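Worksheet: one structure, shown below.
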Amino acid sequence: MTPCRFLRIPTGVSGAATRRATMPEAVKPGRKRVRGSISIVASALLASTLLAGPMMPGLAQSARVPALDPERARIAAASEAERAREMTLLGIAALNPTVDARDPARPDFANFDESRANPYPRLPDPLTTNAGVAVKTKAAWAARRAEIADLFDREVYGRVPAILPSVTWRVAETVQEVIGTTPVLTKKLVGHVDNAAAPGIAVDILMNLTTPAARKGRRVPVVMSFGSVGARPRSPGVPAMPAPAPDYREQLLARNWGFATLDTASVQADNAAGLTRGIIGLVNKGQPRGLEDWGVLRAWAWGASRGLDYLATDRDVNAKQVAVFGHSRGGKAALVALAYDQRFATGFISSSGAGGAALYRRNFGEGVPNLAAANEFHWFAGNFLKYAAAGHDASELPVDSHELIAMVAPRPLFIGGGALIMTPASAIPGDGWVDARGMFMASAAASPVWSLFGRKGLQTTQFPPILTYLGDGEIGFRQHVEGHTPNPNWPYFIRFAGKYLK
C-alpha cells in the first residue's frame, strides 16, 4: 500500500485498530479462505439471483425475486462470466460474502447497529502526500489531488483512456411544452460518438435540455441529472414512488433554472455483459477490458462531461453554472463527475452510499462485498475486486470516499440521504442501505481541504439530528425521514445551490 498518514474517524464509537496491510497486485490463489466466502463456482450459481428483480443500490436479492426472462438471464450469465474472468486475472479464488438488506431474520442480514459500524476507525489523510509530506498550500494540494485521482483510477473507478473518440452534438428536435404552469423549450439532443475505429459499435449519447421559454437567450443555470430521456419500465415488485408537488422540475423552473437529463444507458449499459459495447467497448474495439480500465461509473461521468461540452455551446445555458445531480447509483456517478470535472459548479449527491459518498471503511448497510457482486462490479475497475477477495477488506484500500469528496474542493456540493426504516417489514431498510452517517463522516473528513482554500467545509463533526439542514459551509448535508428517494431534499439543495447559481 502507498504510505500515508491516517485520520481517526470522529464518531466516539470504538472499533478494531486499522490494519495497514499491503495489497498485492494480484491475490494469490492459495490464500486461506474465510468462513462464508464465495468461490467462483458458487458465485456462478448465484448470478441469476444477484442480477434479477427489484434492486436498491447494491441490494442483495431476496427469495422474492421473480424468474428471469431470457434476455435478463443472458445478461446475468454474461456478467457472471466477465466477473469470473477478471477474478482469474487477479488470482482470486473466492470473494467475501455479500449481505442482505431486507430480511432481519436472515443470518446474512446487513449490520445497521452503529456500535459495530466502525471496525476501521482511521482514514487516509487527504492532506498528506504518498511520500508522507504534509500539504499546506494550494499548489501542494493540486499535486496531492492528482495523486488521489491516480489511486482512484488504478484501484477503484478505473482509468479513462488517454485517447477517446470525438462527440458531435445535434439538436434532433425542439419541443414547446408546459411544465406545471411554466412554458418551456425542450431540446432533444443526440451526441454521436465517432466510431470509425470500431464501426460495428455505435454510441449515440441522448440528452434532453429544458429551459424556461421566457428566458430564451439569457443563459440560465442548469442542473444536469443522470437518468433516462424516456420512460423505463419498473422492475417487478417495485412500487411507484409518489412524486412531490411541485416536483423538482417545477422547483427549478421557479428559480428560472433549466434542467438536463443525460440518458446513462445511451453511454454505457448498466451491466457487465455490456462492457464490450457502449463507450467502453468502442474504445476497446469490442475486446474485454483490462483490470485498470474504466468502469461504468467513470463512463457515465465521461458522458456527463460530454454533455457539458454541448451546454457550453448553447446560448440558453450559462455553462459556468451547471450543477450535476444523481440519486442512488446515479449519485455515485454524479460525485465521480463532480470530482473529476472541475467545470461543474456544484452538485446534489443523493443517497449515493458505498461507492459514492459513504465511507468504504464502514460496516453499515452496503459494503465492498456487495459492490463486487455480479450485478455491481462493472461500476468499478477490475482491480476493485481485490478488496472483496476472501481474506481482504476495505481497510486495505489506499483511498476512501472522503478523498473523492475532497477532490471537489473548493467548489460547493450538497450530500443527502434518507432514514433507516425497520417497520413495516415491506419498508426495510428504508434508506439505511446507503449509510447517511457514513456519508456525513466522509464529508467531515474532507472538510480540512476546504479550509486550505480559506473556505468552510462541513461546519461540524457531530452527526446532526435527522431533518437538520447544514448549509452554512461549502458542503451541505441533510438526512430526511423517508426512504430511498431524493424528493424531500430537493428544496434544500435548491436553497443551498441558490448561493452560487444566479
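The values are calculated or read from the model by the stated rules, or taken from the named source; none is laboratory data. Fair warning: this is a prediction, and the values are worked out from it, not measured in the lab. Using ideal geometry, Cβ is built from the backbone for each residue, glycine included, and neighbour counts are taken over all protein chains shown. To get the accessible areas, we keep the full protein, side chains included, count just its heavy atoms, and leave off ligands, DNA and RNA. Shrake-Rupley method; radii C 1.70, N 1.55, O 1.52, S 1.80 Å.
Structure values in brief
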| item | result |
| --- | --- |
| Filter result for ASP103 (part of a loop (DSSP other than H, G, I, E, B), in contact (Cβ under 8 Å) with a residue 60 or more places away in the chain, within 20 Å of PRO369 (Cα to Cα) and of a type in the set (Asp, Glu)) | yes |
| Count of the stretch 345-404 residues which are in contact with a Phe, Trp or Tyr (Cβ under 8 Å, 6 or more places away or on another chain), among the acidic types (Asp, Glu) and either open to solvent by 10 Å² or more (accessible area, probe 1.4 Å) or in a loop (DSSP other than H, G, I, E, B) (or both) | 3 |
| Residue match in the stretch 298-321 (condition: modelled with pLDDT of 95 or more, within 19 Å of PRO398 (Cα to Cα) and of a type outside the set (Gly, Ala, Ser)) | yes |
| Lone qualifier among LEU308, LEU297 - being outside any loop (DSSP other than H, G, I, E, B), under 22 Å from ARG154 (Cβ atoms), open to solvent by less than 20 Å² (accessible area, probe 1.4 Å) and not polar (S, T, N, Q) | LEU297 |
| In the stretch 417-459, residue surrounded by the fewest Cβ atoms within 10 Å (Cβ to Cβ) [restricted to those that are under 18 Å from ARG478 (Cβ atoms) and of a type in the set (Val, Ile, Thr)] | ILE421 |
| Residue ID - nearest to SER395 (Cα to Cα), chosen from residues in the stretch 89-131 that are open to solvent by 40 Å² or more (accessible area, probe 1.4 Å) and aromatic (Phe, Trp, Tyr) | TYR120 |
| Candidates SER351, SER395, filtered to the one that is farther than 21 Å from GLY457 by Cα, out of contact with any Leu (no Cβ under 8 Å at 6 or more places or on another chain) and polar (S, T, N, Q) | SER395 |
| Hits in the stretch 441-458 - residues which are among the small types (Gly, Ala, Ser) and over 21 Å from the mean Cα position of the chain (by Cα) | SER451, GLY454 |
| Matching residues in the stretch 480-489 - criterion: being more than 20 Å from VAL408 (Cβ to Cβ) and either modelled with pLDDT under 95 or in contact with a Gly (Cβ under 9 Å, 6 or more places away or on another chain) (or both) | HIS480, VAL481, GLU482, GLY483, HIS484, THR485, PRO488 |
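Each row is one residue, and each column tells you yes or no for (1) of a type in the set (Gly, Ala, Ser); (2) open to solvent by 10 Å² or more (accessible area, probe 1.4 Å).
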{"residue": "GLU177", "(1), (2)": "no, yes"}
{"residue": "GLY180", "(1), (2)": "yes, yes"}
{"residue": "LEU185", "(1), (2)": "no, yes"}
{"residue": "VAL190", "(1), (2)": "no, yes"}
{"residue": "ALA196", "(1), (2)": "yes, yes"}
{"residue": "ILE205", "(1), (2)": "no, no"}
{"residue": "ASN208", "(1), (2)": "no, yes"}
{"residue": "ALA214", "(1), (2)": "yes, yes"}
{"residue": "ARG218", "(1), (2)": "no, yes"}
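Per-residue answers, yes or no, for (1) within 18 Å of PRO121 (Cβ to Cβ); (2) touching a helix residue (DSSP H, G or I) at 6+ places or on another chain (Cβ under 7 Å); (3) at pLDDT below 95:
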| site | (1), (2), (3) |
| --- | --- |
| PRO398 | yes, yes, no |
| PRO410 | no, yes, no |
| GLY430 | no, no, no |
| MET439 | yes, no, no |
| SER443 | yes, yes, no |
| PHE453 | no, yes, no |
